[in-house]
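First comes the structure, then the notes that go with it.
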Amino acid sequence: MLLLLRQQPAHGYQLVRRFESLGITGHNQGRVYRALKRLGEMGFVSSAWETPPIGPARRVFEILPAGTCALDRVIPTLRSYDHPTNDPVSALVMALAGDSGTAAARW
């Protein structure tokens with residue numbers, strides 16, 4: 001989630017859809033919002049209510065400097081694992097972490 005939020009702030013429904021578009025299934029809004037709440041408690045993300053001109057208000061989450069720092073610490077470890085090239089999570093990590101390999105080009 002931190003990788004996706006590093007790309008751009010999002011609300012829970014957007015994160016679920018982004019996971020699905022990457023082939024990562026099994027994340028419903030409830031699970032995503034629980035994880036976002038935990039990340040907020042850890043000081044990694046913040047949220048604010050957004051009120052669009054049409055539709056309901058929604059909570060938008062963004063990564064905080066502590067979240068970016070934590071992410072930057074774990075990315076080298078994730079890169080060191082031997083990931084299958086067709087694994088969507090691995091491709092996401094490589095793409096969003098700035099890897100110039102084939103996985104990044106795929107996403």
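Here is how the numbers come out for the structure above:
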quantity	calculated
Sole residue being of a type in the set (K, R), at pLDDT 90 or above, under 25 Å from R73 (Cα atoms) and surrounded by 12 or more Cβ atoms within 10 Å (Cβ to Cβ), chosen from R31, R18, R6	R6
Residues located in the stretch 1-44, provided they are closer than 18 Å to C69 by Cβ and among the charged types (D, E, K, R)	R6, R38, E41
R79 vs. criteria at pLDDT below 90, surrounded by 12 or more Cβ atoms within 10 Å (Cβ to Cβ), assigned to a helix (DSSP H, G or I) and in contact with an Asp or Glu (Cβ under 8 Å, 6 or more places away or on another chain)	yes
Matching residues, the stretch 34-63, being among the acidic types (D, E) and either in contact with a Leu (Cβ under 6 Å, 6 or more places away or on another chain) or under 21 Å from V74 (Cα atoms) (or both)	E41, E62
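Yes or no, residue by residue, for (1) in contact with a Cys (Cβ under 7 Å, 6 or more places away or on another chain); (2) within 15 Å of P9 (Cα to Cα); (3) of a type in the set (D, E, K, R); (4) modelled with pLDDT under 85:
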| residue | (1), (2), (3), (4) |
| --- | --- |
| V45 | no, yes, no, no |
| T51 | no, yes, no, no |
| V60 | no, yes, no, no |
| P65 | no, yes, no, no |
| T68 | no, yes, no, no |
| D72 | no, no, yes, no |
| T85 | no, no, no, yes |
| R106 | no, no, yes, yes |
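The values are calculated or read from the model by the stated rules, or taken from the named source; none is laboratory data. Just so it is clear, the model here is predicted, and its values are computed rather than measured. Cβ sites come from the backbone with ideal geometry, for glycine too, and all protein chains shown count toward neighbours.
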